[in-house]
Amino acid sequence: MTKETNAKTADAANKAAETGNAAADRFQAALGEANERTKVAVEKSTRLFEEATELTKGNVEAFVASSKIAAKGVETLGQEAAEYGRKSFEEASAALKSFAEVKSPTDFFKLQSDYARSAFDSLVTESSKLSEAVIKLAGEVAEPITNRYTVAAERVKTLAL
């Protein structure tokens, strides 16, 4: 081989080595960039998962609080209904005793009319009271869930940004 051929071969080998090194550098840079992007994506996903877990935990707590309020309210309504039933039974018993002591049909119909009016007024009053209590209870039961919805909506909104 001649000197000239050897020089050309050496130049070609040097150029090939330089090209290979440049390609390796570019590959290394791309790999580093991909690694950094992956690291950022994993951190973001982890943060989102933690936020979702916190949101879910808060939602469950709100539901439990709402359920406790509902259970207590239903218990109170049940006690009030039982008390009204007891009171109505006592009034009906007293009315029946007074019916038995009546001497004339006119007095009987007057007592019966008075009792019916009284029982109806009592029923209307109790129904109104019950309706107000149910509406109030519904508001109290919905409050923890509504408050939680507001918080959750804000957190989701900030996470989406």
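Some notes on this structure:
- Given charges at beta-carbon only (K, R positive; D, E negative), |dipole| of the stretch 19-161 in Debye: 240
- Loop sites in the stretch 35-138: trypsin sites (Lys or Arg not before Pro), DSSP, at most 11 other Cβ within 10 Å: K103
- The slack between E91 and N21, meaning 0.36 nm per residue of separation minus the straight C-alpha distance, is 14.8 nm.
- Between A152 and T2, the contour length at 0.36 nm per residue exceeds the alpha carbon distance by 46.0 nm.
- For the stretch 101-152, GluC sites (Glu not before Pro) are listed when DSSP marks them as loop and at most 12 other Cβ atoms sit within 10 Å of their Cβ; the list is E101.
- Pair K39, S128: separation of 7 Å Cα→Cβ label points (nm): 7.3
- Two-site label geometry, F109 and F63: point separation in nm, points 7 Å out along Cα→Cβ: 6.2
- Gaussian network model of the chain, Cα within-10 Å springs - most flexible of V60, V134, V40: V40
- Relative contact order [Cα under 8 Å, 6+ residues apart], the chain, whole percent: 39
- The calculated Kirkwood hydrodynamic radius for the stretch 66-127 is 13.6 Å, given to one decimal from all distinct C-alpha pairs.
- On Cα atoms only, tilt of 105-160 relative to the major axis of the chain in degrees: 10
- Theoretical gain in end-to-end length, E54 to A138 [0.36 nm per residue, Cα-Cα removed]: 27.6 nm
- The chain, Cα convex hull volume normalised per residue, Å³: 129
- The chain: angle of helix 3-100 to the longest principal axis, Cα-based, in degrees nearest 10: 0
- Heavy-atom surface of the stretch 105-146, accessible at 1.4 Å and reported per residue (Å²): 75
- Helical contribution to [θ] at 222 nm, DSSP H n ≥ 4, -39,500 (n - 2.57), averaged over the chain, rounded to 500: -36500 deg cm²/dmol
- Here E54 sits with roughly 90 square angstrom of accessible surface, probe radius 1.4 Å.
- Accessible area of the stretch 2-161 belonging to carbon and sulfur atoms, whole % at 1.4 Å probe: 63
The values are calculated or read from the model by the stated rules, or taken from the named source; none is laboratory data. Predicted model, so just to flag it, every value in this text is computed and none were measured. Glycine also receives a Cβ, built like all others from the backbone with ideal geometry; neighbour counts cover every protein chain displayed. Side chains are part of the model used for accessible areas, which takes the heavy atoms of the whole protein and leaves out ligands, DNA and RNA. Shrake-Rupley method; radii C 1.70, N 1.55, O 1.52, S 1.80 Å.
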